[in-house]
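Since the structure comes first, as structure tokens, the remarks are kept for the end.
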């Protein structure tokens with residue numbers, strides 16, 4: 001049997017990848033549709049309990065409720081305590097604190 | 001048909017040429033795929049969490065009023081609630097009771113909260129993260145040390161749903177009496193005040209009126225809360241800047257390596273091709289397919305792997321970064337909200353520069369006399 005041409009192997013590779021991408025985009029569409037119930041449940045809980053933040057960073061008091069923080073909380077643990085929690089590398093201070101002329 | 005066959009022949013030749021430098025090109029593809037994988041993972045994660053936050057936090061209180069004393073948040077007196085109620089446009093006002101409790105056994109911070117509809121004294125509902133970190137289950141007893149040093153014994157009557165872990169993992173819902181007993185907060189105070197307004201367009205005006213009425217307060221409107229999560233995984237954040245800089249430098253090295261010229265072997269190859277009758281346009285076409293073969297294959301593999309990483313394995317590789325020093329970390333699976341424009345941007349930023357950087361030096365080599373190139 002004649003060996004398969006290299007270009008055919010390459011096109012098969014591309015086709016498989018594109019098919020996978022297509023399947024993943026279908027997965028994304030279906031998953032977003034399916035997630036409506038879960039998102040509603042979370043939104044309902046947020047409304048009922050009057051929550052303000054995602055429970056992503058529980059390492060420090062001021063990283064747990066990012067939207068409620070102020071200028072002093074990051075520095076209150078120790079006199080030399082500059083921002084040193086890893087989550088400080090992922091999020092910025094709330095826009096409210098970064099606005100000029102609206103300091104506290 | 002003839003055109004197609006010509007392209008296939010050129011691709012056959014290009015792939016054979018790439019396979020002659022197998023080790024170098026496979027290493028290149030692995031690095032390329034990894035760069036796309038990291039960038040796409042960050043992109044997918046950031047987009048999904050931002051979108052999810054914007055949907056679920058839409059139910060947050062419209063305005064939260066904090067009281068500040070000497071720049072720090074203090075408890076808000078009950079009297080403020082009455083005062084705020086009188087402001088025109090305010091529909092309802094209530095005091096919120098919540099605070100942090102550090103549990104030394106687990107080494108974790110918990111959020112204690114009093115739900116508005118109340119909770120039975122001596123009983124609590126807890127988030128799944130608390131059950132995991134305390135190795136407890138429903139019906140168990142959880143004792144909290146009060147401000148006097150006495151233990152407040154609470155029975156876990158139920159757990160909050162797993163689906164809601166992203167907002168409830170560290171929550172302890174307790175009764176007002178138990179909350180006040182643990183923290184020693186008298187009935188005249190609340191942690192902060194929340195309010196709902198009749199017309200959401202008046203939020204800014206009402207926030208200003210509250211500030212005028214009680215100058216020691218800081219009103220936080222809902223938009224501020226929603227905007228907070230817009231900056232999560234923003235490229236300007238420290239860690240992201242490092243990742244982006246690393247990926248950017250890797251691309252500059254790729255492009256530099258390609259654009260700074262071809263190896264003697266590659267030049268010789270182009271010379272021979274020209275000598276046996278290939279046109280300059282054929283050589284450029286061959287190099288175009290070479291650039292495309294490497295960059296497109298790596299891009300597709302990187303994007304697919306990133307999708308699996310973020311939405312099927314719950315971003316396992318990011319977990320240590322997100323977890324930081326926290327003991328309690330929620331288990332959650334993100335909804336795949338994909339921004340197609342971002343994927344296209346990543347495509348244009350990765351595939352195009354590499355392909356162009358492959359073509360340009362070959363065009364220069366292909367336009368000189370084959371005899372001088374081969375020598």
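How many angstrom lie between the Cα centre of the stretch B:264-304 and the Cα centre of the stretch B:77-108?
66
Apply the Debye scattering formula to the stretch A:2-57, with a single equal point scatterer on each alpha-carbon and no solvent, then give log10 I(q)/I(0) at q = 0.20 Å⁻¹.
After summing over all Cα pairs, the log10 values are -0.82.
Can you tell which of B:44, B:299, B:102 shows the greatest fluctuation in a Gaussian network model of chain B with Cα springs below 10 Å?
Greatest mean-square fluctuation among the candidates belongs to B:102.
Under 10 Å, Cα contacts only: if you run a Gaussian network model on chain B, which one of B:303, B:294, B:270 comes out with the highest mean-square fluctuation?
Comparing B:303, B:294, B:270 in a Gaussian network model of chain B, the most mobile one is B:270.
Can you give the average number of partner chain beta-carbon atoms within 10 Å of each beta-carbon in peptide B:218-229, as a whole number? The partial results should precede the final answer.
Details: counts 5, 0, 5, 1, 2, 2, 8, 9, 2, 5, 15, 7.
Other-chain Cβ atoms within 10 Å of each residue's Cβ, averaged: 5.
Expressed as a whole number of Å, what is the distance separating the alpha-carbon centroids of the stretch B:1-66 and the stretch B:336-374?
16
Starting from 0.36 nm per residue, how many nanometres of slack lie between residue B:371 and residue B:249 once their C-alpha separation is accounted for? Working shown, then result.
Working: separation 122, 0.36 × 122 = 43.92 nm, distance 3.66 nm.
So the chain would gain 40.3 nm between residue B:371 and residue B:249.
Could you state the angle between the C-alpha long axis of helix B:238-259 and the longest principal axis of the C-alpha atoms of chain B, as a value from 0 to 90 degrees rounded to the nearest 10?
Around 0 degrees separate the two axes.
Using every pair of alpha-carbon atoms in the stretch B:98-184, split the distances into 10 Å bins beginning at 0 and state the percent of pairs per bin, rounded to integers.
18, 58, 22, 1
Using only Cα atoms, find the angle between the long axis of helix B:2-20 and the longest principal axis of chain B, and express it within 0 to 90 degrees, rounded to the nearest 10.
For helix B:2-20, the angle is close to 80 degrees.
For the stretch B:98-184, what does the relative contact order come out to in percent, with C-alpha contacts under 8 Å and a separation of six or more? Intermediate results must be reported in sequence, preceding the final value.
Values: 171 pairs, mean separation 34.4, N = 87.
Reported as a whole number, the value is 40 percent.
What number, rounded to the nearest 500 deg cm²/dmol, is the helix-based mean residue ellipticity at 222 nm of chain B, given -39500 (n - 2.57) per DSSP H run of at least four residues and division by all its residues?
Result for chain B, helices only: -17500 deg cm²/dmol.
If you fit an axis through the alpha-carbon atoms of helix B:203-213 and take the longest principal axis of the Cα set of chain B, what angle between them do you get, 0 to 90°, nearest 10?
40
Using only the Cα atoms of the stretch B:186-312, what are the Rg and Dmax in Å?
For the stretch B:186-312, the Cα-based Rg and Dmax read 29.5, 94 Å.
Out of B:331, B:128, B:323, any idea which swings most in a Gaussian network model of chain B, alpha carbons joined below 10 Å?
Most flexible of the set in this elastic network: B:323.
Over chain B, what is the relative contact order in percent, taking alpha-carbon pairs closer than 8 angstrom and at least six residues apart? Don't skip to the answer; put the middle values down first.
Details: 534 pairs, mean separation 102.6, N = 375.
Result for chain B is 27 percent.
Let me know the whole percent of all Cα-Cα pairs from chain B that are separated by more than 37 Å. Please report the intermediate quantities before stating the final value.
Numbers: 32123 of 70125 pairs.
Every Cα pair in chain B considered, those over 37 Å come to 46 percent.
Kirkwood hydrodynamic radius for the protein assembly as shown: how many Å is it when counted over pairs of different Cα atoms?
Numbers: mean 1/r = 0.0382 Å⁻¹.
It is 26.2 Å.
Bear in mind these aren't lab numbers, they're just calculated from the coordinates by the rules spelled out. Only a predicted model underlies this, so the values are computations on that prediction, with no experimental measurement involved. Cβ coordinates were reconstructed from backbone atoms using ideal geometry, including for glycine residues, and neighbour counts include every protein chain displayed.
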